[in-house]
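Since the structure comes first, as structure tokens, the remarks are kept for the end.
Every number in this text was worked out from the coordinates using simple rules, so none of it is lab data. A quick note: this is a predicted structure, and the numbers were derived from the prediction, not measured. Every residue, glycine among them, receives a Cβ derived from its backbone with ideal geometry; neighbour counts consider all protein chains shown.
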Amino acid sequence: MSDAAATDIPALNPAHDWRRLAQAYARAGRIHIPLVLTEASAARVYQALAQETPYSLVVNSGETYYDLTSADIAKMSAEEKRKLVETAYAGTHKGFQLFYDNHRLSEAGEPYPNAESYLAKIVAFLNSTQFLTFARAVTGENRIAFADVQATRYGPGHFLTQHDDGIAGKNRLAAYVLNMTPTWSVDWGGNLMFINRDGQIAEGYVPTFNALNLLRVPQPHLVSAVTPFAGGHRLSVTGWLRMR
């Protein structure tokens with residue numbers, strides 16, 4: 001394999017001390033790992049998320065979930081779009097609510113359907129021996145068998161309200177967020193926030209570039225609303241590390 005081809009594949013940064021990462025995760029049940037990928041592969045993952053991913057808008061109304069493609073949204077009138085946003089915002093007062101752009105890459109660790117897309121390489125990496133061995137070592141969870149995968153994009157007005165990822169039958173052991181946002185300000189929102197038993201913010205991670213967040217399931221957390229004045233999109237690859 002040529003050097004050019006090798007840099008085209010996501011790869012872990014070899015500089016990390018897995019033992020220290022595991023100790024930090026064990027203390028808090030979560031961790032922020034900066035510079036998790038090699039520089040070249042991180043740049044290629046970002047390119048795929050920013051330019052090559054066919055996002056849809058995902059939004060729920062109670063237990064009903066909608067996946068609206070760009071074509072679906074183009075057919076909507078201005079009034080229909082306004083009502084969609086109002087319905088999503090109103091849902092925050094009734095229970096769990098999500099509203100952001102998404103593209104499902106793998107439901108249960110299976111290959112991405114389009115083998116020619118770079119997104120297929122991202123899925124393969126997250127289900128590779130290299131990454132899963134790393135994830136097991138850091139989380140201490142040897143039962144991790146695969147990662148489900150989705151690309152997410154948060155723009156102004158997007159959010160994910162408080163939840164803990166604990167769903168019966170999903171066998172989720174940890175959640176992950178591979179952050180790929182090159183320029184961001186904490187003032188723009190979109191921050192991953194962890195909530196303690198008193199309902200207070202215990203800790204928060206600001207969107208950044210080439211960083212991996214791991215968090216034990218279940219654990220209360222949310223993604224704060226992205227502000228109207230945000231200067232870009234919050235890009236990431238997210239999902240859960242699961243057992244069979």
Item to complete: Can you tell me which of 107-115, 149-157, 38-46 comes out highest on packing, and rank the rest after it, using the mean Cβ neighbours within 10 Å?
Response: 149-157, 38-46, 107-115
Practice prompt. With a/c under 1.5 counting as rounded, go ahead and sort segment 88-212 into rounded, prolate or oblate using the C-alpha gyration tensor (a ≥ b ≥ c being the square roots of the eigenvalues; past the cut-off, prolate if a/b is larger than b/c, else oblate).
Written response: prolate
Worksheet item: What whole-number value in cubic angstrom gives the convex hull volume per residue for the C-alpha atoms of the chain?
Response: 136 Å³
Worksheet item: For Asn171, what is the net charge nearby, where nearby means another residue's Cβ is under 12 Å from its Cβ and Lys, Arg count +1, Asp, Glu -1?
Response: +2
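Provide, as a two-decimal number, the C-alpha radius of gyration of segment 125-188 over 2.2 N^0.38 Å, N being how many residues it has.
For segment 125-188, the normalised Cα radius of gyration comes out at 1.36.
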Discussion item. What three numbers, in Å, describe the spread of the alpha carbons of segment 155-244 along their principal axes, ordered from the longest?
Written reply: 40, 30, 19
Discussion item. So for each of 57-69, 88-100 I average, over its residues, the number of other beta carbons within 10 Å; can you give me the resulting order with the highest mean first?
Written reply: 88-100, 57-69
Worksheet item: Angle, helix 129-139 long axis vs. longest principal axis of the chain, Cα atoms, 0 to 90°, nearest 10?
Response: 80 degrees
Worksheet item: For the Cα atoms of the chain, what angle does the longest principal axis make with the long axis of helix 78-91, in degrees from 0 to 90, nearest 10?
Response: 70 degrees
Discussion item. If I fit a long axis through the Cα atoms of helix 39-51 and take the longest principal axis of the Cα atoms of the chain, what angle between them do I get, 0 to 90°, rounded to 10?
Written reply: 20 degrees
Worksheet item: All other residues with a Cβ under 12 Å from the Cβ of Gly140 taken together, and with Lys, Arg as +1 and Asp, Glu as -1, what is their net charge?
Response: +4
Worksheet item: Under a 5 Å amide H to amide H cut-off, with H placed in plane at 1.01 Å, what residues pair with Ser61 once short-range neighbours are removed?
Response: Tyr66
Item to complete: With runs of 4+ DSSP H residues as the only contributors, calculate the mean residue ellipticity of the chain at 222 nm using -39,500 (n - 2.57) per run, divided by the residue total and rounded to the nearest 500.
Response: -8000 deg cm²/dmol
